[in-house]
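Here is the structure we will look at, set down as structure tokens.
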Amino acid sequence: MVDPYFWTVAVLAVFLVALSKSGLLGSIGFVGVPLLTLVMPAREAAGMMLPILLVMDAFAVVAYRRDVDWSNFRVIVSGAVVGIGVGWALSALVSDEMVLLGVGVLTLAFVIDAAFPIRKKLAGAPPSKPWGRFWGGIAGFTSFVSHTGGPPFQIYVLPQRLPPALYAGTTAWCFATINTIKLVPYYFLGQLSPGNLTIAAILAPVAAVGMLIGIYLVRRISPELFYKIAYVLVFFLGLKLVWDGARGVFGI
């Protein structure tokens, strides 16, 4: 496929996702699948991105192998397994647009809560297992459908104000596990086609470069600046998800 527009969009999407997966720039990786839908169908975009995400995960888990909150990991992943199963069962009934709209609404509610601290007393509090499993389940479901598991994960983890490297490492290990589990349903749903795997292989070096740049920078950014960037980007990406979802669901 020799299409400059396609490859420009694809390279940009993968590079931004790589920066996000490295722990830098919060949830900017949200734009990956939405960007790719400009040049390919949403489900094909999700299938093509999964092998690339696994390449990024490999870099991230090695880089942050000592920076993991295992308590959070166990809570999130146990919920995510259920969410992935639900996503697989409902894959024929739930559209990508419906998921984008729901995730966008949740994301904006999360940012509003952070800006106007309704749950300020919970900041830095020990994680609640039922709360974490609930959001882990939502993260597993939304990650299965469109690789947008970040906001539900962050609703649970960001208020704990983990150090940036620990936050990045916990994120990396959680989603490396979630993405590996997703290989099974994606295979049976036909989303790992030879065409998708070929495009993923071509874009893998872009993912590697983005990961290396992000990993280098994340350990050199102050926690205060890190979280300011994360919350601002999550807000704007929440707006984008709501808009994209509403357009598809309501025909705006």
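The values are calculated or read from the model by the stated rules, or taken from the named source; none is laboratory data. Please read all numbers here as calculations on a predicted model, not as lab measurements. Every residue, glycine among them, receives a Cβ derived from its backbone with ideal geometry; neighbour counts consider all protein chains shown.
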**Request:** With respect to THR148, determine if the residue is touching a residue at least 24 places away in the same chain (Cβ under 8 Å) and surrounded by 24 or more Cβ atoms within 10 Å (Cβ to Cβ).
**Result:** yes
**Request:** Kindly indicate whether any position in the range 94-103 is under 21 Å from PRO205 (Cα atoms) and out of contact with any Gly (no Cβ under 6 Å at 6 or more places or on another chain).
**Result:** no
**Prompt:** Which residue pairs have Cβ atoms under 8 Å apart, sit 6 or more places apart or on different chains, and have a first residue in the range 98-118 that is closer than 14 Å to LEU158 by Cα and a second that is among the hydroxyl-bearing types (Ser, Thr, Tyr) and at pLDDT below 70?
**Reply:** THR107/SER27
**Request:** State which residue is modelled with the lowest pLDDT when the search covers only the range 6-58 and only residues that are of a type in the set (Phe, Trp, Tyr) and surrounded by fewer than 24 Cβ atoms within 10 Å (Cβ to Cβ).
**Result:** PHE15
**Message:** Can you confirm whether ILE118 is modelled with pLDDT of 80 or more and aliphatic (A, V, I, L, M)?
**Reply:** no
**Item:** Close pairs from the range 41-64: first farther than 23 Å from TRP88 by Cβ, partner not in a helix (DSSP H, G or I), Cβ under 7 Å, at least 6 apart
**Value:** ALA60/SER22
